[in-house]
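The structure appears below as structure tokens.
The values are calculated or read from the model by the stated rules, or taken from the named source; none is laboratory data. Worth saying up front: this structure is predicted, and the values here are computed from it rather than measured. So basically every Cβ, Gly included, is an ideal-geometry build from the backbone, and we count neighbours across all protein chains shown.
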Amino acid sequence: MRRFAAAAVLACLAFVGLATPALAHNSLVESNPRDKASVEVSPDSITLTFDQPVQPGDGINTISVLDPQNNHWEAAPPQVDSSTVSAPLRPLGPSGEYKIAWRILSADGHPVQGQLSFTLSKAGNGTPLPADELAKFKNGAGAAQSDTSEDSGGVPTWVWIVGAVLVLGVGIVFALRMGGKDEEA
């Protein structure tokens, strides 16, 4: 019986020892401009700050800025610097609400997306991104790409669960076999 108890304790320790920290998606903690802010002058860029580092990846991390007529205003693909993602903007044009749609590759390997908005209270004199440049962005060069990728490169959670169950199962089988030999002796 002592061997069974020892084997059970070892199996539990192995289970706990192999456990990984909970994998969680990144969360947006700050933006510039802030969500629902009102600005008088066009910002030079959009900056998003997350609670964990963002994984770099061409065409995966995107920031799109749309005016009330759904014209795009991003000037270049976003840049990732640890937990900060930023993208330059073209000088904005009409006043009104602008939507910021973003997608990033989270620290756990899964894509995360969201949307913010800000209001330009005074019209600027900028022009939106031309359609031919927008097509270049959509072909893998930048922020306006909208299709989502399921192949995130991260290890799925179910793999860890199956592995832990197998280790626990082997420990229990080992403990039961050792327990039977102990009683016979």
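Would you pick out the residues in region 38-65 that are under 25 Å from H25 (Cα atoms) and hydrophobic (A, V, I, L, M, F, W, C)?
Residues satisfying the conditions are I46, L48, F50, V54, I60, I63, V65.
I'd like to check something: does region 60-71 contain any residue that is among the charged types (D, E, K, R) and surrounded by fewer than 18 Cβ atoms within 10 Å (Cβ to Cβ)?
First, the residues of region 60-71 that are among the charged types (D, E, K, R): 67.
Next, only the ones that are surrounded by fewer than 18 Cβ atoms within 10 Å (Cβ to Cβ) stay: none.
Among the residues of region 60-71, not one is among the charged types (D, E, K, R) and surrounded by fewer than 18 Cβ atoms within 10 Å (Cβ to Cβ), which makes the answer no.
How about region 75-185: which strands (runs of 3 or more DSSP E) wholly inside it have at least 1 residues that are of a type in the set (G, A, S) and either in contact with a Leu (Cβ under 9 Å, 6 or more places away or on another chain) or at pLDDT 90 or above (or both)?
Ranges flagged: 84-88, 96-105, 111-120.
Pull up region 119-129, narrow it to residues that are without any contact (Cβ under 8 Å) to a residue 40 or more places away in the chain and surrounded by 12 or more Cβ atoms within 10 Å (Cβ to Cβ), then point me to the one that is farthest from A37 (Cα to Cα).
Ranking the candidates gives T127 first.
Among the residues of region 34-48, are any within 15 Å of the chain's Cα centre (by Cα) and at pLDDT 90 or above?
Initially, region 34-48 is screened for residues within 15 Å of the chain's Cα centre (by Cα), giving 48.
In the following step, the residues that additionally are at pLDDT 90 or above were identified as 48.
Yes, region 34-48 contains at least one residue that is within 15 Å of the chain's Cα centre (by Cα) and at pLDDT 90 or above.
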